[in-house]
Amino acid sequence: MIFDIVIVGEIANFVAYAFAPAVLVTPLGALSIIVSAVLAHFILKERLHRLGVLGCVMCIAGSIIIVIHAPKEHSITSVLEIWSMATQPAFLLYVGSVVVLVFILVFHFAPQCGHTNVLVFTGICSLMGSLSVMSVKALGTALKLTFEGKNQLIYPETWFFMLVVATCVITQMNYLNKALDTFNTAVVSPIYYVMFTTLAIIASVIMFKDWDDQSGGAILSEICGFIVVLCGTILLHSTKEFERSSSFRGGSYMPVSPSLSARLCSGGNGELEKHEEEDGSPSEEICLRRQELY
């Protein structure tokens, strides 16, 4: 059931890139965080902190600002137009920089400090993610034109974009899973959102020239809206971690496994009695300490 929902969400995201600028679609990804927080509150009975509610409100307010001042989608009649945009010198320079940075992070920094610095794995994901967004938009536009009767599958450029999408997504998911396995989700998620969204917007501005027809005030409003969404996202994730930590300290956290709870808090456990003899601390204090470690 959950897998089906994820698939539907990714298909909807794919379609959105075909019909709207990446400058508009990418920052609105923060709305998925709000939906998950609200569903967790009502379905999983997870308490949403007041600061978490403020974070949700900030994400919604920033998204509204972005939608109001978002650039219009440029009319594209062929995948060859997108190919000409992708091969312009400015974007080729961006692609070359991304590839060089990814190779440096993968082969030099990842083996040395990938498991101690959260920016390494998330940096790889974000850099590859910016290229995947551009490729997804190009492929989505080609498929949209094909469904409209203008077959774009006859062009090798369409299949090249499809290959780039597959390569970038596989690499992105691989290193995102490594980041989530190594570091706390509450740390990885906001950092990844900031880096990925920022790089995707930069790539879109360079390739599709989204800001060329906009005034300085509209561009400034979009940036302010993005900053508001960014602050709301960080606040929402930080309150989740705060609630999780406070539940451990308050002793109200109940482990999922009853047998584990019994092993942690049973006064008749031989190892617990050994600790009591060594430091003279009461059983309740040892139990609470082990709950915090758990």
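General remarks:
- Residue match in segment 189-197 (condition: of a type in the set (A, V, I, L, M, F, W, C), buried (at least 22 other Cβ atoms within 10 Å of the Cβ) and either within 20 Å of I76 (Cβ to Cβ) or not assigned by TED's automatic domain parsing to the domain that holds K137 (or both)): no
- Some residue of segment 189-200 being in a loop (DSSP other than H, G, I, E, B) and either under 21 Å from G29 (Cα atoms) or more than 19 Å from the chain's Cα centre (by Cα) (or both): no
- When N151, N177 are checked against the criterion of being within 30 Å of A110 (Cβ to Cβ) and loosely packed, with under 15 Cβ neighbours inside 10 Å, a single residue qualifies: N177.
- Test result for I219, of a type outside the set (D, E), farther than 21 Å from V100 by Cα and either at pLDDT 90 or above or touching a Phe, Trp or Tyr at 6+ places or on another chain (Cβ under 6 Å) (or both): yes
- Criterion violated by V136 - all others in (1) surrounded by fewer than 17 Cβ atoms within 10 Å (Cβ to Cβ); (2) of a type outside the set (D, E); (3) part of a helix (DSSP H, G or I); (4) in contact (Cβ under 8 Å) with a residue 40 or more places away in the chain satisfied: (1)
- Within segment 86-107, residues that are under 22 Å from F208 (Cα atoms) and touching a residue at least 24 places away in the same chain (Cβ under 8 Å) reach partners that are assigned to a helix (DSSP H, G or I) and of a type in the set (V, I, T) with beta carbons closer than 6 Å, at six or more positions or on different chains, in the pairs A90/I206; F91/I206; Y94/I206.
- Residue, nearest to D210 (Cα to Cα), within segment 59-85, restricted to residues that are touching a Ser or Thr at 6+ places or on another chain (Cβ under 8 Å) and modelled with pLDDT of 90 or more: I82
- Against the numbered list (1) small (G, A, S); (2) over 17 Å from the mean Cα position of the chain (by Cα); (3) surrounded by fewer than 21 Cβ atoms within 10 Å (Cβ to Cβ), A142 comes up short only at (3).
The values are calculated or read from the model by the stated rules, or taken from the named source; none is laboratory data. Please read these numbers as outputs of a predicted model, since none were measured by experiment. When we count neighbours, we look across all protein chains shown, and the Cβ atoms used for this are built from the backbone with ideal geometry, even at glycine.
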